[in-house]
Amino acid sequence: MAAMSEPSFRESVDMMFNRAVQVMDLSPGLEQKIRVCNSTYTVRFGVRLRGKIETFVGYRSVHSEHMEPVKGGIRYATSVNQDEVEALAALMTYKCALVETPFGGSKGGLCIDPTQYEEHELEQITRRFAYELIKRDLINPSQNVPAPDMGTGEREMAWIVDQYQRMNTTDINARACVTGKPLNGDGIQGRVEATGRGVQYALREFFRHPEDRAKAGLSGTLDGKRVVVQGLGNVGYHAALFLSTEDGARVTGIVERDGGLWSEDGLDVEAVRQWLVAHGGIKDYPGATYVEKGATLLEAECDILVPAAMEGVINLANAHRIQAPLIAEAANGPITFGADEILRARGKVIIPDLYANAGGVTVSYFEWVKNLTHIRFGRLERRREEARHQLLVDELERLSADRGWQLSPTFKSQYLRGADELELVRSGLDDTMRSAYGEMRALWHGREDIADLRIAAFVVAIDRVAKAYRSKGL
Ligand code: NAD
C-alpha cells in the first residue's frame, strides 16, 4: 500500500499537470481553468434485491467540456470514490487531447463489488444507475458518452444503451450514447481488444527508435523481451497476449489479486486467462511458480513492466525497488507522483498512461462515428477496392505471361482482399498511436526542459485544450 505521505490520486494527477505547465506559457487563470474538474454528480439510489432495499453510490464527473460530448468509462469497484473519478476524468481530458479524439474528459463509477451479485441483479442496478445519469444528460450521444472500465464490459454497455433507448424512443442517434457495446448491438470490431492492442502499438513504436530504446538501456526489438504484467483483465490480457503471440515477447510474470505467477520460459497467457476465468484466481495454475505476495513480482528483474490493473500500485513504498528499465502504464495512474520522481531519478523510462492506454478511447471514437453515420466502416468501398486490385493483378499477369513470371499466391490473396472493419480499426489505431508518439517524442528529444515522455504528453495535451478554450474567447 502507498505510504502515508502519498498524495491522493487526483492530487497526483494535478501535480503531474503542474510539472507540465511550468514549462508552458499559459496565463495562471487559464491554467487553473484547465486543471479543475468542472463538476461531479453524486447519486445515491436504492434497488430492491433479495427482499430488501440496498443503497448504492455512483458518480459521473465531467472534467472539461472544451469539446463535447465528454467521454470516459464507467468503473465498478468498491474503491470508487469522488477523488478517483475526478482523477480519471482529468486523465480522460488529456488523453483525448493527446490522441486527437474530439471529446472532453469525463469518468463515472459505481461503488460496488460486482462479483457479489447475480447477473439479473447487476442488470437491475446498472439500469437504475443509467436512468439517474440519462435523466441529467450525463449519458447522451451529444453530451456525455461512457465506455467500459474496470469491472464493466460489453454486457453493461448493452444494458445502458437499451435503457437510453427506452427513455429516448425517437432519438435516431441513441446507439451512440455509449461505446464498447457488443458487436451485435452496434458495437465495432476491435473495441474489446483496443486498449491492450494500443499498448502493443505503443511499445512497437517505442522500439522503432534506437535513441529511445537506448534511454532505457534496451536494444533490439520486442522479440525475446521479458515482460511482467499486473492485472489479467481486459487491458492486461490483450496486451500480454499480443506481445507474446505476435511480437515474440516472453511474459515471465503475471500478477493478479490472489498472487503472482512466474516462469523464466514465459507463461502461456491464454492458458492463464482461461484458468483465471474458470477458477476466479490464478493460484494452483500448473506449470509456473506461484508467489503469494504477487505485488513483489512488480519488483522482479524484467525488461518491460506493464501495470494493467489499477492506480497507485507503484508508490513511495516500492518505487526504489522496481528493476524494469521500461514501464508501460496500461492502467490509469499506476505510478504515483512521488514514485514517478524516484523512477525518473533512477533513469527508468515510463510510457505514460494518457498515451499508453489511449487505444480504448480511440476505438470508442471510431464506434461513436460508426453509430452516428449508421454504416459499418468499409461497407461502401471494400468491393470496389478489391475490383481495382483485381484489374491490376490481371494486367500484371497478362504482361508477364510470355516471360513465365508469376505472382506468388500469398501476395495475390493478401493484395486482392479489401480491408474489413477490423483491419480498418487496427489501421486507424496504429496511425493514432504512431502520430501521438511522434508528437511526444519531438518534445522529449527537442527541448531540454522536457525530460520525459509524461511531461511531453501533458504539454501536447494541455496545449490543445488551451487552444480550444482560447478559440472560445477564454
Ligand atoms: P478489468 O476489470 O477488466 O481487469 C482488471 C484486472 O486487474 C482484473 O483481472 C483484476 O482481478 C486485476 N486486479 C485488480 N486489482 C488488482 C491488484 N491490486 N493486483 C493485481 N491484480 C489486480 O479492468 P480493465 O478494463 O482491464 O482496466 C484495467 C486498468 O486499465 C484500469 O486502470 C482502467 O482504468 C484502465 N483502462 C481501461 C480501459 C478499457 O478499455 N477497459 C481503457 C483505458 C484504461
Which of the residues spanning region 60-84 are buried (at least 24 other Cβ atoms within 10 Å of the Cβ), assigned to a loop (DSSP other than H, G, I, E, B) and away from the ligand (no atom under 16 Å from the Cβ)?
His66
Being over 27 Å from Gly180 (Cβ atoms) and either open to solvent by less than 10 Å² (accessible area, probe 1.4 Å) or near the ligand (Cβ under 9 Å from one of its atoms) (or both) is the filter here; which residues of region 257-267 pass it?
Gly259, Gly260, Leu261
For Ile254, which of the numbered conditions (1) part of a strand (DSSP E or B); (2) surrounded by fewer than 17 Cβ atoms within 10 Å (Cβ to Cβ) fails to hold?
(2)
Every residue in region 2-52 that is among the basic types (Lys, Arg) and over 30 Å from Leu122 (Cβ atoms), please.
Arg19, Lys33, Arg35
Looking at Phe377 and the list (1) in the same structural domain as Arg213 (by TED's automatic domain parsing); (2) surrounded by 19 or more Cβ atoms within 10 Å (Cβ to Cβ); (3) of a type outside the set (Val, Ile, Thr), which single condition is not satisfied?
(1)
Quick one: would you say Asn144 is touching an Asp or Glu at 6+ places or on another chain (Cβ under 7 Å), of a type outside the set (D, E, K, R) and either at pLDDT 95 or above or at positive phi (or both)?
yes
Going residue by residue through region 295-306, is there one that turns out to be open to solvent by less than 30 Å² (accessible area, probe 1.4 Å) and within 10 Å of the ligand (Cβ to nearest atom)?
yes
Could you please let me know if Arg417 is at pLDDT 95 or above and either in the same structural domain as Arg346 (by TED's automatic domain parsing) or open to solvent by 50 Å² or more (accessible area, probe 1.4 Å) (or both)?
no
Based on what the data block shows, is Cys96 open to solvent by 10 Å² or more (accessible area, probe 1.4 Å), modelled with pLDDT of 95 or more and either closer than 26 Å to Ala158 by Cβ or in contact with a helix residue (DSSP H, G or I) (Cβ under 7 Å, 6 or more places away or on another chain) (or both)?
no
When Gly151 is run through (1) modelled with pLDDT of 95 or more; (2) more than 11 Å from the ligand (Cβ to nearest atom), the failure sits at (2)
Would you check if Val228 is aliphatic (A, V, I, L, M), touching a residue at least 24 places away in the same chain (Cβ under 8 Å), open to solvent by 30 Å² or more (accessible area, probe 1.4 Å) and closer than 29 Å to Gly281 by Cβ?
no
Could you figure out which of (1) within 16 Å of the ligand (Cβ to nearest atom); (2) more than 26 Å from Met440 (Cα to Cα); (3) not in a helix (DSSP H, G or I) isn't true of Ala158?
(3)
For region 233-254, indicate whether the set of residues that are more than 14 Å from the chain's Cα centre (by Cα), more than 9 Å from the ligand (Cβ to nearest atom) and at positive phi is non-empty.
yes
Please determine, by comparing only the residues of region 318-358 that are open to solvent by 10 Å² or more (accessible area, probe 1.4 Å) and free of Cβ contacts under 8 Å to residues at least 40 places away in the same chain, which one is nearest to the ligand (Cβ to nearest atom).
Asn318
Any residue in region 153-175 that is among the acidic types (Asp, Glu) sitting within a Cβ distance under 8 Å of a residue that is in a loop (DSSP other than H, G, I, E, B)? List the pairs, counting only those 6 or more apart or interchain.
Glu154/Gly180; Glu154/Lys181; Glu154/Pro182; Glu154/Gly187; Glu154/Val192; Asp171/Pro141
Please tell me if Val313 is within 23 Å of the chain's Cα centre (by Cα), away from the ligand (no atom under 16 Å from the Cβ), of a type in the set (A, V, I, L, M) and surrounded by fewer than 24 Cβ atoms within 10 Å (Cβ to Cβ).
no
Please go through region 187-217 and give me each residue that is out of contact with any Pro (no Cβ under 6 Å at 6 or more places or on another chain), surrounded by fewer than 20 Cβ atoms within 10 Å (Cβ to Cβ), in contact (Cβ under 8 Å) with a residue 24 or more places away in the chain and part of a loop (DSSP other than H, G, I, E, B), ordered by number.
His209
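The values are calculated or read from the model by the stated rules, or taken from the named source; none is laboratory data. For clarity, every value in this text was computed on a predicted model and none was experimentally measured. Note that each Cβ is placed from the backbone with ideal geometry, even for glycine, and that neighbours are counted across all protein chains shown. These area figures cover heavy atoms from the full protein model, side chains too; ligands, DNA and RNA do not enter into them. Shrake-Rupley method; radii C 1.70, N 1.55, O 1.52, S 1.80 Å.
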